[in-house]
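Okay, structure first, notes after.
The values are calculated or read from the model by the stated rules, or taken from the named source; none is laboratory data. The structure displayed is predicted, hence computed values, not measured ones. Cβ placement follows ideal geometry from the backbone for every residue including glycine, while neighbour counts extend to all protein chains displayed. For accessibility, only protein heavy atoms count, side chains too; no ligands or nucleic acids. Shrake-Rupley method; radii C 1.70, N 1.55, O 1.52, S 1.80 Å.
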Amino acid sequence: MTDTVNDLKPILEAALFAAGEPLTIARLMQLFGDAEAPEKSAVKEALESIKQSMQDRGVELVEVGSGYRFQAKSTYAPWLKRLWEKKPPRYSRAFLETLALID
């Protein structure tokens, strides 16, 4: 039976990073077979431990309506938004000439 918080933490972290969507506690419990299934309280405790251990990091574990997920802390939004800045489109000379003919 896998139920110690230290045993659960890396498994839960890996699942949350790999999932690409929030995971409920019920879904996280499905990671384990019947023989090794932890108690629900142990999973909650492990999630809380992960949350606490990430306080000084750039990402955090949050509980949203559809489960738990990792997300970047809002403090870093000014830097992260640069990843998605839209650049003005660059049009080729041929494309611009075609537009001029259409007009």
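For this structure, a couple of remarks:
- Odd one out for residue 69, checked against (1) open to solvent by 100 Å² or more (accessible area, probe 1.4 Å); (2) among the basic types (Lys, Arg); (3) touching a Leu at 6+ places or on another chain (Cβ under 9 Å): (1)
- Within the chain, helices (runs of 4 or more DSSP H) holding 1 or more residues that are touching a residue at least 40 places away in the same chain (Cβ under 8 Å) and hydrophobic (A, V, I, L, M, F, W, C): 5-19, 25-29, 40-53
- When region 1-23 is limited to residues that are closer than 27 Å to residue 79 by Cβ and acidic (Asp, Glu), the one that is most open to solvent (accessible area, probe 1.4 Å) turns out to be 21.
- Selection status of residue 37, of a type in the set (Gly, Ala, Ser), surrounded by 12 or more Cβ atoms within 10 Å (Cβ to Cβ) and within 17 Å of residue 63 (Cα to Cα): no
- Just one residue in the set 26, 46, 42 is farther than 26 Å from residue 74 by Cβ and either buried (at least 17 other Cβ atoms within 10 Å of the Cβ) or in contact with a Leu (Cβ under 9 Å, 6 or more places away or on another chain) (or both); that residue is 42.
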